[in-house]
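Below is one structure, written out as structure tokens; the observations come after it.
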Amino acid sequence: MKISWFDHLYVGEKAKKKRYRIIQGIRRLKPQPGVYVITPASNGNNILDIYPWTALVLPFYREEAFLIMGIASDYWEALEVAGRIVNDMYRKTGGFDLPSFIGEEAGKV
């Protein structure tokens with residue numbers, strides 16, 4: 001699995017307390033129950049995807065590349081973080097143009 005990190009990583013309030021541990025666990029591909037990551041959508045119909053981190057360490061995703069834009073300590077916090085990302089994107093681009101929002105980082109995935 002290839003993981004890249006958004007330069008301005010969004011972190012949920014509860015996840016801030018465990019930020020270092022969460023990031024290190026992701027880098028080491030260790031399952032972390034309760035941790036969620038927010039990535040650009042894998043299809044053209046959505047803007048973002050929210051994955052439980054434990055799902056992404058399964059063999060099904062081993063060949064995938066992910067740009068992690070946000071991390072959260074639970075699903076509801078992940079929804080809040082995704083909302084902040086979409087809000088910031090709308091303010092920056094005037095629409096829902098994720099490639100313009102993430103700029104050159106889109107090529108990292």
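Taken together, the values in this text are just the output of simple stated rules run on the coordinates, not laboratory data. The shown structure was predicted, so the numbers you read here are calculated from the model rather than taken from an experiment. When we count neighbours, we look across all protein chains shown, and the Cβ atoms used for this are built from the backbone with ideal geometry, even at glycine.
Round to the nearest 0.05 the FRET efficiency obtained for V86 and L58 when R0 = 35 Å and r is the Cβ-Cβ distance. It would help to have the intermediate numbers written out before the result.
Working: r = 27 Å, r/R0 = 0.77.
With R0 = 35 Å, the Cβ-Cβ based efficiency is 0.85.
Summing -39500 (n - 2.57) over the DSSP H runs of n ≥ 4 in the chain and dividing by its residue number, what mean residue ellipticity at 222 nm do you reach, to the nearest 500 deg cm²/dmol?
Values: 5 runs with 41 residues, N = 109.
So the helix-based figure for the chain works out to -10000 deg cm²/dmol.
Please compute the alpha carbon radius of gyration of the chain, then divide it by the globular-protein estimate 2.2 N^0.38 Å. Two decimals is fine. Intermediate results must be reported in sequence, preceding the final value.
Numbers: Rg = 13.1 Å, N = 109, 2.2 N^0.38 = 13.1 Å.
With N residues counted in the chain, Rg over 2.2 N^0.38 Å equals 1.00.
Taking θ as phi - 60°, what are the ³J(HN,Hα) couplings along region 13-28 by the Karplus curve (6.51, -1.76, 1.60), each to the nearest whole Hz, with x for Gly and Pro?
Computed from phi, the couplings for region 13-28 are 4, 5, 5, 4, 5, 10, 3, 4, 5, 5, 5, 5, x, 5, 4, 8 Hz.
List the trypsin sites (Lys or Arg not before Pro) within region 49-109 that fall in a DSSP loop (any state other than H, G, I, E or B) and whose Cβ has at most 13 other Cβ atoms within 10 Å. List each step's numbers first, then the result.
On the way: sites: R62, R84, R91, K92, K108; in loops: R62.
Passing sites in region 49-109 are R62.
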